[in-house]
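Right, one structure below, let's go through it.
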C-alpha cells in the first residue's frame, strides 16, 4: 500500500482531502472501511487517547490490521491529538501509520522541541507525524479550549523547518465538538493563504470540521435527547479549504457520533421490545456509513482517488 505522502501530494495536485474519521468502537470502524471500499477512497481511521483508553490499543491495532487485509481501499491508522512523547512513541511501536503530537498549548519553542522529538523517533520507523500550531476552541474527549488562537503564518514556516513534520494542523476558525459557533460560521481563509505563501505545497490539516447535521440533532432531541441547538461548519466553507487550498486532511468525529446516536435512539424508540444489540447497532452502522460516503463524495472529493 502506498504511504501517506503519496496521497498528500496527490490531494494537493487534484484538489481533494483524506477524511480523518474518528472511531471508538468496531461498528464505526467497519462503517468507515465499507464506505471507503465502496467509494474507492483512501481514509484515515483515527483514535484519540480517550478512544484508546476505552478500547485498548492492542484491540485498536488488531481491528485495523484486520480491516487492511479485508478491504482494498487504503486505510491508515492515525493517533489523533497525542498529548505526550510517550503516547506517540507507543503508537509508533504498536504499528500506527501516522501520529499527531498536539503540543499546541505549550509556548512555541517548547512545542517545537516536543514535536521534533516525536518526529525524530517516528521517522526512524517510517511513521508520519502531524504537528499543530495555534489552538481551536471547543471540547473533544480530554481536550478543552475556550477560544481560538489563530495560527501565525511566519511561525508556521519556522515550525515546519525546525521540526520536520509531515503535515501541520492549523487554526483558522474551526472548532471541536458539536457547539462550534454561536452566530454565523466563518473561516479565516486569509490566514490560510498566508500560511500557504510561507509553506507552498505543504500538507495542511483542519480539525473540528464536522457540519453537525441538523436532521440528526432534531431526531435525537425529539427522542429524548437534550442537545439544544449545536452548530457545525458549513460544508461549503470546508469544501473551499479543500479545493482552493492545500488542506489534505479533514478531521470528522462529531458527525459520526450524531449519526450513530440518532440511529440507536430511533431504532429503540420504534422497536421497544428489542434487546438485541446487533439490531440497533446495525442501524447505527448503516447511518455512519451513509455519512462517510456523503463526505467522501460531496465534501472531500476523494472518490476514486485510491
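The values are calculated or read from the model by the stated rules, or taken from the named source; none is laboratory data. Since we're looking at a predicted model, the values are computed, not measured. Virtual Cβ from ideal backbone geometry, glycine too; neighbours counted across all protein chains shown.
Out of the residues in segment 112-122 that are in contact with a helix residue (DSSP H, G or I) (Cβ under 7 Å, 6 or more places away or on another chain) and either crowded, with 17+ Cβ neighbours inside 10 Å or free of Cβ contacts under 8 Å to residues at least 24 places away in the same chain (or both), which is nearest to residue 149 (Cα to Cα)?
112
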**Odd one out for residue 104 among (1) buried (at least 19 other Cβ atoms within 10 Å of the Cβ); (2) at pLDDT 95 or above** = (2)
**In segment 153-186, the residues that are modelled with pLDDT of 95 or more and either farther than 18 Å from residue 108 by Cα or in a loop (DSSP other than H, G, I, E, B) (or both)** = 164, 165, 166
**Message:** Given the criteria over 14 Å from residue 95 (Cβ atoms), surrounded by fewer than 20 Cβ atoms within 10 Å (Cβ to Cβ) and either modelled with pLDDT under 95 or out of contact with any strand residue (DSSP E or B) (no Cβ under 6 Å at 6 or more places or on another chain) (or both), does residue 13 qualify?
**Reply:** yes
**Prompt:** If we keep just the residues of segment 192-206 that are over 22 Å from the mean Cα position of the chain (by Cα) and assigned to a helix (DSSP H, G or I), which is farthest from residue 235 (Cα to Cα)?
**Reply:** 198
**Message:** Can you list the helices (runs of 4 or more DSSP H) lying wholly within segment 207-290 that have 2 or more residues being closer than 25 Å to residue 302 by Cα and under 15 Å from the mean Cα position of the chain (by Cα)?
**Reply:** 235-243, 254-270
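Taking into account only those residues within segment 10-31 that are free of Cβ contacts under 8 Å to residues at least 60 places away in the same chain and over 16 Å from the mean Cα position of the chain (by Cα), which is farthest from residue 250 (Cα to Cα)?
26
Looking only at residues in segment 187-207 that are out of contact with any helix residue (DSSP H, G or I) (no Cβ under 8 Å at 6 or more places or on another chain) and either modelled with pLDDT under 85 or under 26 Å from residue 78 (Cα atoms) (or both), which one is surrounded by the fewest Cβ atoms within 10 Å (Cβ to Cβ)?
200
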**Prompt:** Of the residues 3, 68, which single one is surrounded by fewer than 19 Cβ atoms within 10 Å (Cβ to Cβ) and at pLDDT below 95?
**Reply:** 3
**Selected residue (only one of 82, 126, 50, 95 is in contact with a strand residue (DSSP E or B) (Cβ under 8 Å, 6 or more places away or on another chain), under 30 Å from residue 156 (Cα atoms) and surrounded by fewer than 22 Cβ atoms within 10 Å (Cβ to Cβ))** = 95
**Prompt:** Of the residues 47, 30, 64, which single one is within 25 Å of residue 299 (Cβ to Cβ) and in a strand (DSSP E or B)?
**Reply:** 47
**Asked** If we keep just the residues of segment 258-280 that are surrounded by 16 or more Cβ atoms within 10 Å (Cβ to Cβ) and in contact (Cβ under 8 Å) with a residue 24 or more places away in the chain, which is nearest to residue 30 (Cα to Cα)?
**Response** 260
**Request:** Test each condition in (1) under 23 Å from residue 211 (Cα atoms); (2) surrounded by fewer than 22 Cβ atoms within 10 Å (Cβ to Cβ); (3) touching a strand residue (DSSP E or B) at 6+ places or on another chain (Cβ under 6 Å) for residue 34 and report the one that comes out false.
**Result:** (3)
